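Student: Below is a structure I'd like to ask you about.
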Amino acid sequence: MGREPTKRKRGRKPKNPSAETLDIPSSTATATTSTAALDDVFSVGNVELIDSSNATTSVDDYRPRGRPKKRLNPDKPQPLQRRAPPRLFENGGDFVDVVVGEGDGLGPRVVPAMDAVVKVFCVHTEPNFSLPWQRKRQYSSSSSGFIIAGRRILTNAHSVEHFTQVKLKKRGSDTKFLATVLAIGTECDIAMLTVDDDDFWEGVSPVEFGDLPALQDAVTVVGYPIGGDTISVTSGVVSRIEILSYVHGSTELLGLQIDAAINSGNSGGPAFNDKGNCVGIAFQSLKHEDVENIGYVIPTPVIKHFIQDYEKNGGYTGFPILGVEWQKMENPDLRMSMGMKPDQKGVRIRRIDPTAPESNVLQPSDIILSFDGIDIANDGTVPFRHGERIGFSYLVTQKYTGDNAAIKVLRNSEILNFDIDLATHKRLIPAHNKGRPPSYYIIGGFVFTTVSVPYLRSEYGKEYEFEAPVKLLDKLLHSMPQSPDEQLVVVSQVLVADINIGYEEIVNTQVLAFNGKPVKNLKSLATMVESCEDEFLKFDLDYQQIVVLRTKTAKEATLDILATHCIPSAMSDDLKS
C-alpha cells in the first residue's frame, strides 16, 4: 500500500518548510512593498467568513433551523426535555452562552470578550543595512492585539518592528487612536503599547489570563487576519507543548502548537480557552505543502514573564540563558568514562561562553546533574507535567536577568555545587539590533560595518544561510565572543574612487587587524584610523588580503567620496560619542 497522496494547495510552492510571522502589509503600502508575502496564503474562494452577529441577537429573534417540530398531543405522556434553545445573557460586557436543562450538570460556557481585541496599524521604516547611512522606504502593515489590565495592549514585536507610527482601532469603531510603544521584547516576540486618549478605554474590559492549557484543550483564536476587515474567530485544540524556535527573536522558548487556522494578520491576537481566559498570543505558523493548519502560540508563562519583567525593571531586559553548549550522555560507555554512577544522570558541557558569568565556575567536561534542585536526564530533559518532559532550558528561561541559580555538577567523580548569576546571551553575530540603526565607518571609500543577522539578510536575502560566505556562516553558528564588546567587522563594499583602484571587488570580508593591531570592534577601528599619524593605513583582511592607503590622501579623498554619494557623515552617530 502506498501513502495517501497529499493535496496540493493553490498558490506558490515554497522551497522549504519554515515558520513565518503573521503580520500582513496594508493595502495602502508604498510601491516598494512586496506582494509576494501574500502569494501563498489562500484564494478568496476558500475563505469562510465567520459571522459574529450572534452576540447581538435578541432572545426573541431566535429561530431554530430545520423542519418545524410536530405538535405534541397533550393527552399522551411526553419524555423529559433535556435541552432548551441557548439564550444569551450579557455579563459585564461578555456574553455568556447558557444552555438550560434539567440536571445535566453543564455550567455556562463563556464566549471570549472580543471587544478587547483591537486591530493594530503600523507604519514601518526599516534601516538599510547595506547602505547604513539611510533608511528604506516606509511601508504599512496591519495585525492584531488585545487589551490587558493597567491600560495596556499586547501585540507581537514583529508587528511594530522599526515603527514610525502605531494606531489602534477597536471592534465596531471607526476611530483610530495613536498608540505609544512601551516595550518591545524581540526574543519573545511580544510588544506592549498604551493609548493616552481616555475615549479609547471607555466600555472595554481587559482580558484575563488563564493557566497553561493541556493537550487537546480547546482554543479559540481571535484577530483580524487577511480575507476581510472585521474580526475573525477560528477554533481548534492544543496539539503540542514544547520548546519552540521563535523565528523573529532567533531564540528557543516554551510554545504551543495548535491546529486552529492562523493566517497573516492574526499576529498579536489572543487565543482563548473555554472559560474565556487568554492562554496565548498567535505569532507564527508553518508554511509547507505537506502540512495544514499548524500554528504557534506564545503561552501565558512567557507572556507573564514579559509583563513582570517590564513591571520589575521599568523596561524589557530579556530572558536569561545558560551560556554553555552541552552534549547528551545517553551512551553508557560515555557515562562510565566520565565517572558517572549508574544512578546519576546529566549532560556534559562542551563549551562555555567566555562572556557568561558561568565561565568563572564551570569547566568543559563538567556534568550538569541538576538545575535549581531539579534533576536533568541524560537527554537534557526535566519533568514538566504528568506524563510530559521538556528541555531543561525551560527552567533557565523562567528566571529573570540577574537572578541566582543553584547548579550541581560532577567533576572528576566529585559532586560540586555552585550558585551562579544568570545573564542574557551575547552573540558574536547578533540576531537583531533591538531597533538601533546600524553602525558604519567610511575611509577612502571603504565602508566598514558590523555583521548581524539583519545585515546578512539584507545582503543575501531570506536564503542567507545558503548564500552567505562560508566563513561568515561558520562564525554565525559556532563562534563565541571573547569579550562583551567584541564585534565582527567587515568591509561591506568599496565606493569606487581614484584612491582605491584595484580594491573594487572586496566585499563582505572580515577585517582582522589595522597597522598590526587586532580589530576588536568597529569603534576601536574608527578610533585607530582617525588618530593614525603613520604614512600608510594598512588593513589586514581575511583570506590573507591586505589593503594599503596613504593616510593623508585617504582622509582628503573621503570628503569628496561622501559628497559624491550624498552621505551625510563618515561615521554613524554611535561612533562619534
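Student: PRE reach from His386 (point 7 Å along Cα→Cβ): which of the range 197-239 fall under 13 Å by backbone N?
Tutor: Residues 214-215 qualify, since their backbone N sits under 13 Å from the label point.
Student: May I pose another question? FRET efficiency for Arg152 and Gln216, Cβ-Cβ distance as r, R0 = 30 Å, nearest 0.05?
Tutor: Efficiency at R0 = 30 Å is approximately 0.40.
Student: Right, another one. How much FRET efficiency would the formula 1/(1 + (r/R0)^6) give for Lys552 and Ser239, where r is the Cβ-Cβ distance and R0 is 51 Å, rounded to 0.05?
Tutor: 0.15
Student: Just flag the GluC sites (Glu not before Pro) in the range 182-274 sitting in loop per DSSP whose Cβ has no more than 15 other Cβ atoms within 10 Å.
Tutor: Passing both the DSSP loop test and the Cβ count: Glu202, Glu208.
Student: Using 7 Å Cα-to-Cβ label points, what is the Asn360/Glu467 separation (nm, one decimal)?
Tutor: The two pseudo-label positions are separated by 4.4 nm.
Student: Hey, rough spin-label estimate for Ser531 and Ser173, points 7 angstrom out along Cα→Cβ, what's it come to in nanometres?
Tutor: Here the answer is 5.5 nm between the modelled labels.
Student: Share of the range 477-561's accessible area from carbon and sulfur, percent, 1.4 Å?
Tutor: 53 percent
Student: Accessible area per residue of the range 317-435 at 1.4 Å probe, in Å²?
Tutor: I get 51 Å² per residue for this part.
Student: Also: All other residues with a Cβ under 12 Å from the Cβ of Glu556 taken together, and with Lys, Arg as +1 and Asp, Glu as -1, what is their net charge?
Tutor: Around Glu556, the charge tally is +1.
Student: Now for a separate question. What distance in nm separates the simple spin-label points at Asp198 and Asp343, each placed 7 Å from Cα in the Cβ direction?
Tutor: Placing both labels 7 Å beyond Cα along the Cβ direction yields 6.7 nm.
Student: Here's something else I'd like to know. For a quick check of understanding: with a 1.4 angstrom probe and all protein chains in place, what accessible area in square angstrom does Tyr464 have, to the nearest ten?
Tutor: 30 Å²
Student: Please compute the contact order of the range 170-292 in relative form: average sequence separation of alpha-carbon pairs under 8 Å and at least six residues apart, divided by the residue count, as a percent.
Tutor: Relative contact order here is 23 percent.
Student: Report the FRET efficiency, 1/(1 + (r/R0)^6), for His565 and Gln308, where r is their Cβ-Cβ distance and R0 is 45 Å, rounded to 0.05.
Tutor: 0.40
Student: With a sphere of radius 14 Å drawn around the Cβ of Phe200, what net charge do the other residues whose Cβ falls strictly inside it have (Lys, Arg +1; Asp, Glu -1)?
Tutor: Local net charge: +1.
Student: Also: With a 1.4 Å probe and all protein chains left in place, how much accessible area per residue does the range 476-548 have, in Å²?
Tutor: The answer is 54 Å² per residue.
Student: Would you mind checking Lys275/Lys399; Lys170/Lys434; Lys345/Lys399; Lys426/Lys523 for any pair whose Cα atoms are more than 27 angstrom apart?
Tutor: Lys275/Lys399; Lys170/Lys434
Student: Further, regarding this structure: In Å², and per residue, what accessible area does the range 199-260 have when probed at 1.4 Å with the other protein chains present?
Tutor: Here the per-residue accessible area is 43 Å².
Student: Provide the net charge surrounding Lys167, with neighbours chosen by a C-beta distance below 12 Å and charges set as Lys +1, Arg +1, Asp -1, Glu -1.
Tutor: +3
Student: Let me ask something additional. For the peptides 383-389, 323-329, what is the packing order when you average, over each peptide's residues, the other Cβ atoms within 10 Å and list the highest mean first?
Tutor: Per-residue mean Cβ counts within 10 Å order the peptides as 323-329, 383-389.
Student: Of all the accessible heavy-atom surface of the range 329-371, with the other protein chains kept in place and a 1.4 Å probe, what percent is carbon and sulfur?
Tutor: The computed percentage sits at 48.
Student: If you count, for each residue, the other Cβ atoms within 10 Å and average over each peptide, how do 174-181, 521-528 line up from highest to lowest?
Tutor: So the peptides 174-181, 521-528, ranked by packing, come out 521-528, 174-181.
The values are calculated or read from the model by the stated rules, or taken from the named source; none is laboratory data. Being a predicted model, the structure only gives us computed values, none of them experimental. Here the Cβ is made from the backbone with ideal geometry for all residues, glycine too, and neighbour counts use every protein chain on show. Heavy atoms of the whole protein, side chains included, go into the accessibility calculation; ligands, DNA and RNA do not. Shrake-Rupley method; radii C 1.70, N 1.55, O 1.52, S 1.80 Å.
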